[in-house]
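Chemist: Supplied in structure tokens, the structure appears directly below.
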Amino acid sequence: MSKQAAAKGTNKDIGVLELVRESLVAVVKEMRANIIHSSYSSIIYEGHDFSCALVSADGRLLAQSLDDNPLHIFAVPHSAREIIRSFGGDIHEGDVFLHNDPYTGGTHLNDVLMLYPVFSEEKLVLFAAARCHWGDVGGSTPGSLSGRVTEILQEGIRIVPTRICERGKLNEAFLALLFQNMRNPAERQGDFQTMLGTCRKAADHVRRLISRFSAPKLLSSINELMRRSEQVMRDRISACPDGVYYAEGYIESNGNDHAPIVARLKLTIAGDRMIADFTGTAPQTSGPTNVGPSMAPNAVCTIAKAFLDPKTSINHGSFEPIEVIAPVGSFINARWPAPCGGMVEVKALLDSLMVAVLGQAMPGMISGGLKGGANHTLIGGNDPKWGSFLFYEYPAGGTGASENADGGTVVRAFTDGDFNSVQSIEVVESALPLRVESYGIRENSCGDGRNRGGFGMRRCIRLLSSHASLSILSDRNIIPPYGVMGGGSGAPNHFVVRRGNKLIEPSEHPGKVAGFHLTDGDIVVMETAGGGGYGDPLERDIDKVLKDISLGYLSAEEALARYGVAITAQGGVDAEETRKQRDKIRSSRVLLSLQVVNAELLNGFCRVIELPRAVATRLSLDDGSLVELVTGQHTSVRAWVRTIEGEGRTLRVDAATLALLASEVGDQVEVRPVRTIAH
């Protein structure tokens with residue numbers, strides 16, 4: 001719908017507008033409740049990995065619940081527009097459409113969209129839409145998601161815009177073909193029927209709204225609501241300082257080689273407009289860490305909405321002032337045959353870039369980095385007693401610290417929606433041949449800071465069947481969540497298998513596993529990342545450090561090494577030793593003056609800094625070591641070391657690195673080795 005069309009025939013009666021807005025939200029909330037209560041896949045009824053929406057006749061988002069998955073906000077209307085483009089005027093009452101194709105607006109293949117047209121007097125008024133993560137859609141491994149695929153054909157069935165029901169008659173042959181190429185077809189069919197019933201009920205409610213207000217009045221009210229949302233966003237953007245802001249980040253590997261994959265963002269704020277330009281981002285990969293065209297706009301627009309206008313209803317008007325440039329053929333706008341199972345991991349990276357650039361424009365809003373993507377963990381197989389089974393979990397981690405608060409521990413972040421942290425033990429053990437051996441806080445995993453990041457979790461799952469396969473698709477296993485304003489990185493994710501007394505790495509690429517063979521008694525150990533810290537760790541309140549120690553979150557040894565807090569044998573604080581230790585940590589920091597070279601310092605897509613050999617030795621760094629550059633402002637910048645001769649006190653960087661640091665030649669920057677764990 002164009003702005004010109006939206007401006008015509010708008011209804012400005014505030015009472016009617018509020019009734020319409022609340023009525024639309026009520027429809028999608030009831031859709032949400034229906035899906036939770038009647039779906040078959042645990043990822044839907046337990047994990048809440050789905051979204052419900054109302055979409056205009058030309059494919060714009062009209063309403064979505066604030067509890068829904070933010071991943072779908074842009075993807076649902078993007079898919080709807082592709083269906084509308086494909087079928088044009090050939091859409092009739094009683095038609096139903098399916099879609100999951102990442103290259104035309106989908107997310108990954110497991111997320112299946114149903115689009116249900118609603119008519120009034122033979123005229124298309126709007127669509128009811130439900131996008132649900134089906135537990136399995138075929139492919140090479142149970143659950144369809146894994147870290148080691150090389151093409152989308154290995155990830156399951158790809159559904160381009162398809163009319164699954166024509167004028168009320170289901171295409172049973174196509175449905176049979178669909179379900180029989182998925183594991184546990186009865187469960188998949190149950191999810192399909194849940195979506196169909198939910199959309200039918202939503203259509204009934206919309207028709208009642210039409211009867212109450214009339215279709216023209218309903219649509220004119222919707223136009224006015226979107227116009228007002230657009231104006232609110234323009235006002236909020238105008239309140240931000242004009243400027244150009246830069247950020248970059250990495251997916252640590254594509255699962256098939258060890259090369260990091262870079263995404264680069266230049267955000268321009270000019271008046272009441274915002275332009276997010278991802279030019280310079282790496283090409284699409286042969287692994288699952290790709291997304292289609294809907295994810296970059298989704299990340300940019302949802303983070304802008306969260307920062308600038310978090311409290312008003314969601315509709316497409318909020319996104320009109322925002323332009324997104326995502327190069328075609330890059331891993332953030334991929335084309336066939338690039339696999340896209342790691343969509344959540346890529347979107348999490350793009351979210352972090354938007355947080356970083358908006359944090360420069362609005363420093364009071366910045367927060368530490370998050371655990372990465374979904375941490376997809378899948379255990380599947382066939383058992384004589386249980387039949388075909390699939391365990392699918394997406395364990396939460398620590399969230400980033402902010403100016404006024406520590407990060408949350410083992411909770412969902414604002415980028416996740418209403419997911420739960422993990423499935424309940426009762427659900428897992430009653431439905432699957434598995435036992436939850438332990439579940440708790442992962443000690444010492446927080447990112448240090450004046451306010452610390454949240455702690456991750458440690459969860460151990462034992463297989464109680466003769467065999468099964470393990471697949472994992474996650475990120476932030478090598479490159480951990482970043483700190484901000486001088487804060488430290490959180491611990492990275494870590495996934496291993498315990499077999500007897502041995503710990504086994506299930507893949508040479510940490511966090512990227514495909515069909516690793518499990519045997520009876522094997523324990524899958526999931527350790528999730530901690531959130532990034534905020535501010536100088538030496539400024540942390542000592543009582544807060546003591547509380548973390550008393551709760552078992554932080555060891556006394558780590559409190560001394562990271563916060564400089566010395567604990568006595570009686571559990572109190574040794575004030576004098578604490579003062580000495582904090583002075584020692586402060587004086588041991590390596591601060592170098594920035595010097596700019598005239599050439600780009602890159603190794604492939606990886607940012608490089610040139611570090612004097614004497615300084616590298618002092619920090620126990622070698623060529624290729626990963627470091628972060630910390631200014632005490634905004635986010636840290638990650639780079640790889642190239643040692644050069646000399647004992648100087650300068651750090652050689654290129655102009656792009658200087659822009660990322662928002663610094664000038666001669667400014668001082670701290671060089672820190674990036675904290676990792678032994679695999």
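Only the coordinates and a few stated rules stand behind these numbers; no lab work does. As the structure is a prediction and not an experimental result, all values here were calculated from the model. Methodologically, a virtual Cβ is constructed for each residue, glycine included, from the backbone with ideal geometry; neighbour enumeration extends over all protein chains shown.
Chemist: Using the Karplus curve 6.51 cos²θ - 1.76 cosθ + 1.60 with θ = phi - 60°, work out ³J(HN,Hα) for each residue of segment 107-118 in order, rounded to whole Hz, and write x for Gly and Pro.
Modeler: Going residue by residue, I get 9, 10, 4, 5, 7, 9, 9, 10, 10, 10, x, 10 Hz, with x marking Gly and Pro.
Chemist: When a footprinting reagent is the concern and you count Cβ atoms within 10 Å, what order do 174, 278 take, fewest first?
Modeler: Result, fewest neighbours first: 174, 278.
Chemist: With a ≥ b ≥ c the root eigenvalues of the C-alpha gyration tensor of segment 227-317, is it rounded (a/c under 1.5), prolate (a/b larger than b/c) or oblate?
Modeler: Values: a/c = 3.19, a/b = 1.98, b/c = 1.61.
Verdict is prolate for segment 227-317.
Chemist: If you compute volume of the Cα convex hull per residue in Å³ for the structure shown, which of (1) 195; (2) 154; (3) 180 do you land on?
Modeler: Derived directly from the coordinates: (2).
Chemist: Give me a comma-separated list of calculated 3J(HN,Hα) values for segment 652-666, in order, Karplus coefficients 6.51, -1.76, 1.60 applied at θ = phi - 60°, integers in Hz, x for any Gly or Pro.
Modeler: Values, residue by residue: 8, 9, 9, 5, 5, 5, 4, 5, 4, 6, 6, 10, 10, 4, x Hz.
Chemist: Would segment 1-124 count as rounded, prolate or oblate if I go by the C-alpha gyration tensor, calling it rounded below 1.5 in a/c and otherwise prolate when a/b exceeds b/c, oblate otherwise? Walk me through the intermediate numbers first.
Modeler: On the way: a/c = 1.79, a/b = 1.25, b/c = 1.43.
Verdict is oblate for segment 1-124.
Chemist: Test of understanding: ordering 647, 437, 628, 610 by Cβ neighbours within 10 Å, fewest first, what list do you get?
Modeler: 647, 437, 610, 628
Chemist: Also, quick follow-up: Kindly write out, for segment 292-307 in residue order, the coupling ³J(HN,Hα) from the Karplus curve 6.51 cos²θ - 1.76 cosθ + 1.60 (θ = phi - 60°), rounded to whole Hz, with x marking Gly and Pro.
Modeler: x, x, 8, 7, 5, x, 4, 5, 4, 6, 6, 5, 4, 5, 5, 6
Chemist: Just from its helices, what would the mean residue ellipticity at 222 nm be for the chain, if runs of 4 or more DSSP H residues each count -39500 (n - 2.57) and the sum is divided by every residue, rounded to the nearest 500 deg cm²/dmol?
Modeler: -8500 deg cm²/dmol, from helical runs alone.
Chemist: Mind sorting 606, 301, 52 by how few other Cβ atoms lie within 10 Å of their own Cβ, fewest first?
Modeler: If I rank by nearby Cβ atoms, fewest first, I get 606, 301, 52.
Chemist: Would you work out the relative contact order for the chain, in percent, from Cα pairs under 8 angstrom that are 6 or more residues apart?
Modeler: So the answer I get is 12 percent.
Chemist: So which of 371/502; 371/512; 169/201; 29/123 end up more than 20 Å apart by C-alpha? List each step's numbers first, then the result.
Modeler: Details: 371/502 26 Å; 371/512 15 Å; 169/201 18 Å; 29/123 25 Å.
Correct reply: 371/502; 29/123.
Chemist: Stretch residue 33-residue 14 to full length: gain in nm at 0.36 nm per residue minus the Cα-Cα span?
Modeler: Result for the pair: 4.0 nm of gain on full extension.
Chemist: Under 1.5 on a/c is rounded, so check that first for segment 591-673, then, if it is not, pick prolate when a/b is larger than b/c and oblate when it is not; a ≥ b ≥ c are the square roots of the alpha carbon gyration tensor eigenvalues.
Modeler: In terms of gyration-tensor shape, rounded.
Chemist: Taking R0 as 41 Å, what FRET efficiency do you get between residue 573 and residue 311 from their Cβ-Cβ distance, rounded to the nearest 0.05? Please report the intermediate quantities before stating the final value.
Modeler: Working: r = 41 Å, r/R0 = 1.01.
With R0 = 41 Å, the Cβ-Cβ based efficiency is 0.50.
Chemist: What percent do you get for the relative contact order of segment 232-369 when only Cα pairs under 8 Å and 6+ apart count?
Modeler: 30 percent
Chemist: A further question on this structure: Report relative contact order for segment 3-229 in percent, whole number only (criteria: Cα-Cα under 8 Å, sequence separation at least 6). It would help to have the intermediate numbers written out before the result.
Modeler: Working: 410 pairs, mean separation 59.1, N = 227.
About 26 percent, as a whole number.
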